[in-house]
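One structure below.
The values are calculated or read from the model by the stated rules, or taken from the named source; none is laboratory data. Note that the coordinates shown come from a computational prediction; the quantities given were computed from them, not determined experimentally. Backbone-built Cβ (ideal geometry, glycine too); neighbour counts: all protein chains shown. Accessible surface is based on the protein model in full, side chains and every heavy atom, while ligands, DNA and RNA are left aside. Shrake-Rupley method; radii C 1.70, N 1.55, O 1.52, S 1.80 Å.
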Amino acid sequence: MKYSDGGWLIKEGFEVKYAQHVYDIRTGADKLIMYLPYAYIANKGATLDGGLMTMELTTPHEDVVGVKLYNYKGIQKKTPNFEIVTKEITPIIDEAEDSYTFTAGNLAVKITKGENLSMTFLYKGKVMATSFSRSKAYVTDPEGKPHISEQLSLGVGEKIYGLGERFTNFVKNGQTVDIWNADGGTGTEQAYKNIPFYLSNQGYGVFVNSPDKVSFEVGSEKVSRVQFSVPGEELEYFFIAGDTLKEVLTNYTDLTGKPALPPAWSFGLWLSTSFLTDYDEATVNSFVEGMLERDIPLEVFHFDCLWMREYEWCNFTWDERTFPEPVAMLRRLKEKGLKICVWINPYIGQKSPLFDEGLAHGYFLKRANGDVWQWDKWQAGMAIVDFTNPEAVAWYTSKLKALLDMGVDCFKTDFGERIPTDAVYFDGSDPEKMHNYYAYLYNEVVFDLLKEVRGEGEAVLFARSASVGSQKFPVHWGGDSTSDYPSMAESLRAGLSFGLGGFGYWSHDISGFEAGADPDLYKRWTQFGLLSSHSRYHGSWQYKVPWLYGEEAVAVSREFTKLKLRLMPYLQSQSVATAASGVPMMRGMVLEFPEDVATHELDRQYMLGDALLVAPIFNTEGVGQFYVPETAGDWIDHLSGKVYPAGKWYTETYDYFHLPLLVRPNTILVEGGVDNQAEYDYGVDTTIHLYNLQAGVTATTTICNVAGEVVANLSAKLENGKLTLNNPDGVTGKVVINTAAGTVAAKLANGENVYEG
């Protein structure tokens, strides 16, 4: 929310009162409370006829400080609120002649005494950010509605990232961002997944703890400030520090929840019917058989909306005109080794037989006069399931459980963004706060059912909407992209931005959703899609099976699907690390290499895990431009074996079977011996790639099984011209030693392996 008129004035219609100084404090065992009048209090008489802001400092975790600002405390507390995980941490509170200091682990907050209030965050003594004088404000807008606003400093060269899955520039400086979920496609400032958390390249993060419409001005109201505001009488934010950006992200997900570990099979290729295409069981069989005949391994088949009758979304009943024997059909598909996904949403069209059930029992959102809240967007007369009503949850999940009993394995949880703000909820939740929070509740309900029925570790969604904490319910995909290179690039930007909010797993519609892809785009997006954490062919009016785009598209799809499946030992170990840390599998270069300033604006390449650099091709000429970060040692392309000295930009041309896929030096990259399915024994018949080991450096890696358990540890070291690979857990296969001088194959034995020469 912008309320300034230049550097000195306030916009017409706004009233702004700034917290001026610390007048008094109270301390407790776990908090520091400070009273901040809106005018300087020089004498006791000045305390009359004036308000004050109260600030409370707390610490939910080490290296995290919570800051709560409020004007009137007596306002009724409205739900919902984000689930925050806290620990029993006792802060250290000190007072000096000119300041107070509140310390949580290595993070300290210093608040000045005197007329010009400032609050500085220091991590291990280093200044991270400051809230200067006239930063903490109580703002009344032209409609008379109150807001609390805060500003933190934006330093020279400082860049801000995150705030959800945003399709705008990767670096958020200069942008106005409203945290408000919207179904707006992938080409505007609107976003399906808005997260009020940002990361700074200076090594900290800020999380505004409100499901409301949080407004961020990132250097866009005052150029040297990040301003954020919320409607109402209270604002709470958490300042989060760490030794690295990855550690900051780990601390943030300690607070808001870790990503669940998705099943290993979910990393295989997903194929969809597409949205509005005509299809029946014969069509589905032709797709599945076509993939098998062409030796393109398929893991999941997805039925989109038209598995149900039109006008009846959702009725959760197979359309008997096209699927007369759904149980038998699903059984036949599963006999081919496939998992089954079906499309759902939280809306019930009036023509659906379920509408009358929900109407009779009060399972839908209502209007203030008691009517069911309905409109005609998406489905005629549709209603919205009220997930704050436990009976509605039980009713909705009973319909989904019937599908699971038929053989369905997972759900594409579409929609959940266009949630009204004039609705009445069963539990009295505030509809403004529920607009964003609904996405969390909807996906939680479905994910919890999958955990209950399929078991821990087998639950997975394909979700479009999200809010804070939704990372606990993977996987998310990027929404309705268009079939062109700009949309492919904006999808990647959004995915990298999304990952910086603690979301570990992300996907996108290979070759774009809207309109039709041509063979060139299909092949290039296939490369990108199969080097993403999760991979799905999906479209709107167009089938996305590869043979429709030419024989070369078939070969490209086969090549990169099999490559991904061979990489499953690496991907599974990275997935286990992601679930434990909150650091995404697909990550912006700045997250992995913050010390290399050349990475700070890169958004057309990414790290897949900590060892693989991927740079998709975004043009018809096949030209790739990419930057190789500063590291000790050269990088080597996994596909071509070409060596790339670190710290340089490269421009090269690639055919459809190649793109930059570079391996970080000092890496042990484990490839599996199976390339036709995602789940297998990752420690048998492997190829252990040793990539450009530097003298004196010990490289390590782990191998996890399909359940996510560590089953093997490998380490390697080059010293005095002798390379030693330790294989204590009996991994079988062969070794490939990749150096700047070339590649050498060697045998792998149990225990210590020594290679010389």
- Task: Run GLY184 past the list (1) touching a residue at least 12 places away in the same chain (Cβ under 8 Å); (2) out of contact with any His (no Cβ under 7 Å at 6 or more places or on another chain); (3) open to solvent by 10 Å² or more (accessible area, probe 1.4 Å) and report the number of the one that doesn't hold.
- Result: (1)
- Query: Does region 605-615 include one or more residues that are over 21 Å from HIS508 (Cα atoms) and free of Cβ contacts under 8 Å to residues at least 40 places away in the same chain?
  - Reply: no
- LYS78: of a type in the set (Lys, Arg), assigned to a strand (DSSP E or B) and surrounded by 11 or more Cβ atoms within 10 Å (Cβ to Cβ), yes or no? no
- For region 124-154, enumerate the residues that are under 30 Å from the mean Cα position of the chain (by Cα), among the hydrophobic types (A, V, I, L, M, F, W, C) and open to solvent by 30 Å² or more (accessible area, probe 1.4 Å). VAL127
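State all residues of region 706-720 that are assigned to a loop (DSSP other than H, G, I, E, B) and in contact (Cβ under 8 Å) with a residue 40 or more places away in the chain; if no residue qualifies, say none.
Going through region 706-720, the residues assigned to a loop (DSSP other than H, G, I, E, B) turn out to be 706-709, 720.
Correct list: VAL706, ALA707, GLY708.
Quick check: anything in region 514-531 of a type in the set (D, E, K, R), more than 22 Å from MET585 (Cβ to Cβ) and either within 21 Å of the chain's Cα centre (by Cα) or at pLDDT below 95 (or both)?
We begin by selecting, within region 514-531, every residue of a type in the set (D, E, K, R); these are 514, 518, 520, 523-524.
The next check asks that each one be more than 22 Å from MET585 (Cβ to Cβ); those that pass are 514, 518, 520, 523.
Among the residues that remain, those that are also either within 21 Å of the chain's Cα centre (by Cα) or at pLDDT below 95 (or both) are: 514.
Scanning region 514-531 turns up at least one residue that is of a type in the set (D, E, K, R), more than 22 Å from MET585 (Cβ to Cβ) and either within 21 Å of the chain's Cα centre (by Cα) or at pLDDT below 95 (or both).
Of all residues in region 24-64, which are of a type in the set (Val, Ile, Thr) and in contact with a Pro (Cβ under 7 Å, 6 or more places away or on another chain)? Can you show your working first?
Filtering region 24-64 down to residues of a type in the set (Val, Ile, Thr) leaves 25, 27, 33, 41, 47, 54, 58-59, 64.
The answer is THR59, and nothing else.
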- Message: Would you confirm whether or not region 94-108 contains a residue that is at pLDDT 95 or above, closer than 27 Å to GLU221 by Cβ, part of a strand (DSSP E or B) and open to solvent by less than 40 Å² (accessible area, probe 1.4 Å)?
- Response: yes
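Right, MET568: within 17 Å of the chain's Cα centre (by Cα) and in contact (Cβ under 8 Å) with a residue 24 or more places away in the chain or not?
Working: within 17 Å of the chain's Cα centre (by Cα): no; in contact (Cβ under 8 Å) with a residue 24 or more places away in the chain: yes.
Spelling it out, it is not the case that MET568 is within 17 Å of the chain's Cα centre (by Cα) and in contact (Cβ under 8 Å) with a residue 24 or more places away in the chain.
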- Message: Take SER540 and tell me if it is of a type in the set (S, T, N, Q), in contact (Cβ under 8 Å) with a residue 40 or more places away in the chain and assigned to a helix (DSSP H, G or I).
- Response: no
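Does PHE121 satisfy the condition of being in contact (Cβ under 8 Å) with a residue 12 or more places away in the chain, at negative phi, open to solvent by less than 10 Å² (accessible area, probe 1.4 Å) and not in a strand (DSSP E or B)? Let's see the steps before the verdict.
Values: in contact (Cβ under 8 Å) with a residue 12 or more places away in the chain: yes; at negative phi: yes; open to solvent by less than 10 Å² (accessible area, probe 1.4 Å): yes; not in a strand (DSSP E or B): no.
In short, no.
Going by what's in this entry, would THR244 be described as at pLDDT 95 or above, within 30 Å of ALA459 (Cα to Cα) and either out of contact with any Leu (no Cβ under 8 Å at 6 or more places or on another chain) or open to solvent by 30 Å² or more (accessible area, probe 1.4 Å) (or both)? Before the answer, list the steps.
Working: at pLDDT 95 or above: yes; within 30 Å of ALA459 (Cα to Cα): no; either out of contact with any Leu (no Cβ under 8 Å at 6 or more places or on another chain) or open to solvent by 30 Å² or more (accessible area, probe 1.4 Å) (or both): yes.
No.
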- Item | Subset of region 24-38 [surrounded by 16 or more Cβ atoms within 10 Å (Cβ to Cβ) and assigned to a loop (DSSP other than H, G, I, E, B)] | LYS31, TYR38
- Query: Is one or more of the residues making up region 313-323 among the charged types (D, E, K, R) and buried (at least 22 other Cβ atoms within 10 Å of the Cβ)?
  - Reply: no
- Message: Within region 114-136, does at least one residue satisfy the condition of being at pLDDT 95 or above, closer than 18 Å to VAL230 by Cβ and touching a Gly at 6+ places or on another chain (Cβ under 6 Å)?
- Response: no
- Read through the list (1) surrounded by fewer than 17 Cβ atoms within 10 Å (Cβ to Cβ); (2) of a type outside the set (Gly, Ala, Ser); (3) in contact with a strand residue (DSSP E or B) (Cβ under 6 Å, 6 or more places away or on another chain), then give the number of the only condition that ASP49 fails. (3)
- Name the pairs: first residue in region 364-381 and under 16 Å from ASP427 (Cα atoms) and surrounded by 15 or more Cβ atoms within 10 Å (Cβ to Cβ), second residue modelled with pLDDT of 95 or more and of a type in the set (Asp, Glu), Cβ to Cβ under 6 Å, at least 6 apart or on different chains? PHE364/ASP386; LEU365/ASP386
- Query: Looking only at region 436-456, which residues are open to solvent by 10 Å² or more (accessible area, probe 1.4 Å) and within 15 Å of ILE384 (Cα to Cα)?
  - Reply: TYR437, LEU441, VAL445
- Message: If I ask for residues that are buried (at least 21 other Cβ atoms within 10 Å of the Cβ) and charged (D, E, K, R), which ones from region 711-735 would you list?
- Response: none
- Kindly establish whether ALA553 is open to solvent by 10 Å² or more (accessible area, probe 1.4 Å), in contact (Cβ under 8 Å) with a residue 24 or more places away in the chain and not basic (Lys, Arg). no
- Single condition VAL214 does not satisfy, out of (1) over 20 Å from GLY157 (Cβ atoms); (2) buried (at least 24 other Cβ atoms within 10 Å of the Cβ); (3) in contact (Cβ under 8 Å) with a residue 60 or more places away in the chain; (4) touching a Pro at 6+ places or on another chain (Cβ under 8 Å): (3)
- Task: Might you check whether a residue that is acidic (Asp, Glu), within 27 Å of TRP270 (Cα to Cα) and out of contact with any Ser or Thr (no Cβ under 6 Å at 6 or more places or on another chain) occurs anywhere in region 611-634?
- Result: no
- Quick one: would you say LEU521 is farther than 28 Å from ASP448 by Cβ, out of contact with any strand residue (DSSP E or B) (no Cβ under 9 Å at 6 or more places or on another chain) and outside any loop (DSSP other than H, G, I, E, B)? yes
- region 642-703: strands (runs of 3 or more DSSP E) wholly inside it with 2 or more residues that are open to solvent by 60 Å² or more (accessible area, probe 1.4 Å) and modelled with pLDDT of 95 or more are 648-653
- Query: Would you pick out the residues in region 232-241 that are assigned to a strand (DSSP E or B) and either of a type in the set (A, V, I, L, M, F, W, C) or open to solvent by 10 Å² or more (accessible area, probe 1.4 Å) (or both)?
  - Reply: GLU234, LEU235, GLU236, PHE238, PHE239, ILE240, ALA241
- Task: Scan region 287-312 for residues that are over 30 Å from ASP376 (Cβ atoms) and open to solvent by less than 60 Å² (accessible area, probe 1.4 Å) and jot them down.
- Result: PHE287, VAL288, GLY290, MET291, ILE296, PRO297, LEU298, GLU299, VAL300, PHE301
- Note on the structure: Of those in region 623-663 that are more than 29 Å from the chain's Cα centre (by Cα) and small (Gly, Ala, Ser), the residue nearest to THR526 (Cα to Cα) is SER640
- Query: Which is under 27 Å from THR58 (Cα atoms) and not in a strand (DSSP E or B), of GLY155, GLY205?
  - Reply: GLY155
